[in-house]
Amino acid sequence: MAKLKIGNEWWTSPAEGDNGETIIVTGRKGVEPVIATGKYTDRIEITWRYTPDKNGMPDFATSTTMEAVTDALQNAFVKDPAAIMTGIYTGNGERNWIFYTLNPRKFQFMMNEALASFELLPLEIYAEKDPEWEEYLEMKNLTEIECDEE
């Protein structure tokens with residue numbers, strides 16, 4: 001079986017949340033080969049709620065830990081792409097990491113391994129079927145700027 005080619009370029013764009021607050025959206029480019037497999041049908045959302053500053057963003061210490069968590073989660077799925085991180089939303093007192101996975105149980109195991117070195121984190125996890133990648137496509141359509149011109 002050929003190795004799945006997954007892009008690792010990202011775009012970042014401000015977006016407006018439900019209450020008019022700014023949400024910083026970071027989306028992954030080059031996931032079309034993953035979508036085309038038809039195998040990544042479960043979407044997993046990991047949420048970290050934090051005390052926001054006046055702009056709805058985390059403080060420096062929290063932000064630094066969040067970036068380390070992002071790196072750990074991304075690195076966990078490099079050798080074994082059982083899941084792919086497709087988006088990160090930050091603002092209005094929460095950060096959300098969005099993944100699509102082949103197998104939610106395997107994702108859970110790999111996530112726990114990736115985060116084992118961190119102190120207990122205030123994470124909430126939500127999963128649902130999304131075989132059409134509706135969340136990703138909506139995020140892309142609302143925020144991607146000039147990505148198709150490359």
Exercise. If you check every pair at least six apart or on different chains, which have Cβ atoms under 6 Å apart with a residue in segment 76-89 that is touching a residue at least 12 places away in the same chain (Cβ under 8 Å) first and a residue that is charged (D, E, K, R) second?
Worked result: A82/K106; T86/R28
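Table: residues versus (1) at pLDDT 95 or above; (2) in contact with a helix residue (DSSP H, G or I) (Cβ under 8 Å, 6 or more places away or on another chain); (3) in a helix (DSSP H, G or I).
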| position | (1), (2), (3) |
| --- | --- |
| K39 | yes, no, no |
| A61 | yes, no, yes |
| M66 | yes, no, yes |
| D71 | yes, no, yes |
| M85 | yes, yes, no |
| R95 | yes, yes, no |
| F99 | yes, yes, no |
| F107 | yes, no, yes |
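For segment 42-53, does any single residue satisfy the condition of being of a type in the set (F, W, Y) and over 14 Å from the mean Cα position of the chain (by Cα)?
Of the residues in segment 42-53, the ones of a type in the set (F, W, Y) are 48, 50.
In the following step, the residues that additionally are over 14 Å from the mean Cα position of the chain (by Cα) were identified as 50.
Yes, that holds for at least one residue.
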Problem set entry | When residues of segment 112-141 are limited to those that are assigned to a helix (DSSP H, G or I) and more than 20 Å from A82 (Cβ to Cβ), the one farthest from the chain's Cα centre (by Cα) | N141
Seminar exercise, completed: E124 fails exactly one of (1) surrounded by 14 or more Cβ atoms within 10 Å (Cβ to Cβ); (2) touching a Ser or Thr at 6+ places or on another chain (Cβ under 6 Å), namely (1)
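For segment 18-37, name all the residues that are assigned to a loop (DSSP other than H, G, I, E, B) and under 17 Å from the mean Cα position of the chain (by Cα).
Step one: of segment 18-37, the residues assigned to a loop (DSSP other than H, G, I, E, B) are 18-21, 29-31.
Once the filter is applied, which keeps residues that are assigned to a loop (DSSP other than H, G, I, E, B) and under 17 Å from the mean Cα position of the chain (by Cα), segment 18-37 yields K29, G30, V31.
How about segment 2-20: which of its residues are within 14 Å of N96 (Cβ to Cβ) and touching a residue at least 12 places away in the same chain (Cβ under 8 Å)? Steps first, please.
Initially, segment 2-20 is screened for residues within 14 Å of N96 (Cβ to Cβ), giving 15, 17-18.
Those that are within 14 Å of N96 (Cβ to Cβ) and touching a residue at least 12 places away in the same chain (Cβ under 8 Å): A15, G17.
Please verify whether E45 is surrounded by fewer than 18 Cβ atoms within 10 Å (Cβ to Cβ), in contact with a Lys or Arg (Cβ under 7 Å, 6 or more places away or on another chain) and outside any helix (DSSP H, G or I), treating the condition exactly as stated. So that I can check it myself, show each step before the final result.
Values: surrounded by fewer than 18 Cβ atoms within 10 Å (Cβ to Cβ): yes; in contact with a Lys or Arg (Cβ under 7 Å, 6 or more places away or on another chain): no; outside any helix (DSSP H, G or I): yes.
No, not satisfied.
The values are calculated or read from the model by the stated rules, or taken from the named source; none is laboratory data. Everything numeric here is computed off the predicted structure, so don't read it as measured data. Neighbour counts are summed over all protein chains in view; Cβ atoms, including those assigned to glycine, are modelled from backbone coordinates with ideal geometry.
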